[in-house]
Amino acid sequence: MTAAVLYGKEDLRLERVAIPQAGVGELVVRVGAALTCGTDLKVYRRGYHAKMLKPPMPFGHELAGVVEEVGAGVTAFKVGDRVVALNSAPCDVCFFCRHGQQNLCEDLLFNNGAYAEFIRIPARIVEKNTLIVPEGVPLEFAALTEPLACVVRGLEESGAKAGDTMVVIGAGPIGLMFMHAAEIAGVEVIAVVKREDQIEAAKLFGAREVVHVGAVPDVVAATRALTPAGRGADIVIEAVAVPATWEWGVDMVRKGGVVNFFGGPPSGTKVKLDTNRLHYGDITLKASFHHTPATCRTAFELVTSGRFKCAEYITGRAGLDEVPAIFAGMMHRNGSARDIKTAVFPAGGPR
């Protein structure tokens, strides 16, 4: 079969490799659709991911497809089932799992290789994080479950509830996903975007108000002015991962509010925060990483119910042979807001 294999920094190659076989408890899935992802781009740029993969290794982690082979002992799935297989599963026995933090599992099992004709799904993921896709739900829509599960957990960990005011800093794929998920939950969203062409996308995905960084002299003041009584947002989601926006988040939140540093910056990144404001403002700072089986199911329900704007979120379609060029292009393009996610169809078209 053909698969995209990452060899190092900006070194992604299409290769002919053996079709995987299903071991005990495992599945082999014919990939129907795989989605491009900001995390994959980060890995492509850096050439590795300390937790997810070390090259050379099959690449990609957001996918849905059709069961091609069922390993011994598997009873919940059969050949021909349409499934979404998440990219990880926790052990449920380590310290963190026993303390309700499955996303921090000491033995979190990751799976990669979505940009391929077939992918093997390990037994633990089959058991804990593989779901049947209902008929009528396109596989490329189902593949949105993984990133949306991370966003759902971020909203839950931030205590978001209907009627809250939330600022989302950043209008990349994850920022837009936060806006839309928050809107669906009844949260009032204010988007802070870098470029003028992101304004329309932010509004499409639920932002009530949009602050264009380049159009205001003081982005913090302009954002706070849009919150009730100008006191600041109940919740601020930082989805850019640079020190300046982390600092903005603290300055944009109200007293007693929550800032979620969702964007993952490079190791060694430092920020300066106003400790007086943090202490006397009783501000909660937190970060959210990854997902859990529970948030995967919540995200899956959002996707399959039709409430999430899947069609609008997937803005490009491509074949497997285009994957190396797609990532090279993502490295050097200006990042138009019209380009959110590309769906890759290994078989040449939607199934």
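By the count of neighbouring beta-carbon atoms within 10 Å, fewest first, Ile19, Ile283 end up ordered Ile19, Ile283.
The alpha-carbon of Lys161 sits under 24 angstrom from the alpha-carbons of these lysines, leaving out residues fewer than 8 places away in its chain: Lys203, Lys255, Lys286, Lys309. Since only Gly257, Leu278, Ala229 are under comparison, the one whose Cα sits farthest along the positive direction of the charge dipole of the stretch 151-286, derived from C-beta charges on Lys, Arg, Asp and Glu, is Leu278. Sort out for me the Cα centre separation of the stretch 227-246 from the stretch 123-179, rounded to whole Å. Taking the Cα centre of the stretch 123-179 as reference, the centre of the stretch 227-246 is 20 Å away. About its Cα centre, the dipole of the stretch 26-169 is roughly 380 debye, where the only charges are +1 on Lys and Arg Cβ and -1 on Asp and Glu Cβ.
Please list the three semi-axes, largest first and in whole Å, of the ellipsoid equivalent to the chain, using sqrt of 5 times the eigenvalues of its alpha carbon gyration tensor.
35, 21, 19
Here, the stretch 102-192 is characterised by an Rg to Rh ratio of 1.03, where Rg is the alpha-carbon radius of gyration and Rh the Kirkwood radius. Grab every C-alpha pair in the stretch 169-308, bin the distances at 10 angstrom width from 0 up to the longest one, and report whole percents. The calculated distribution, bin by bin, is 12, 41, 35, 12, 1. In summary, the lysines within cross-link reach of Lys78, defined as a Cα separation below 24 angstrom excluding same-chain residues under 8 places away, comprise Lys128.
As a length-normalised measure over Cα pairs under 8 Å and 6 or more apart, the relative contact order of the chain settles at 18 percent.
Classification of the stretch 13-140 by its C-alpha gyration tensor yields an oblate form. The axis ratio a/c (a ≥ b ≥ c) is 1.5 or more, and b/c is at least a/b.
Close amide H contacts of Val168 (hydrogens built in the peptide plane, cut-off under 5 Å, sequence separation of 5 or more or a different chain): Ile190, Ala191, Val192, Ile237. Any idea how far the Cα center of the stretch 298-333 sits from the one of the stretch 44-112, in Å? Value for the Cα centre distance between the two parts: 19 Å. Both numbers refer to the Cα atoms of the stretch 32-88; Rg and Dmax are 14.1, 40 Å. The lysines within cross-link reach of Lys9, meaning a Cα-to-Cα straight distance under 17 Å and a gap of 8 or more places when in the same chain, are Lys42, Lys51, Lys54. Helix 145-158 versus the longest principal axis of the chain: what is the Cα-based angle in degrees, 0 to 90, to the nearest 10? On a 0 to 90 degree scale, this one is about 30.
For the chain, with only Lys/Arg (+1) and Asp/Glu (-1) charged at the beta-carbon, what is the dipole magnitude about the Cα centre, in debye rounded to 20?
So the magnitude is around 400 debye.
A protection proxy built from the mean count of other Cβ atoms within 10 Å ranks the segments 120-133, 64-77, most packed first, as 120-133, 64-77. Could you tell me how many degrees, from 0 to 90 and to the nearest 10, lie between the Cα long axis of helix 173-184 and the main elongation axis, the longest principal axis, of the Cα atoms of the chain? That helix lies at roughly 70 degrees to the long axis.
None of the figures in this text is laboratory data; all of them are computed from the coordinates on show. Just so it is clear, the structure is predicted and the values come from calculations on it, not from any experiment. So basically every Cβ, Gly included, is an ideal-geometry build from the backbone, and we count neighbours across all protein chains shown.
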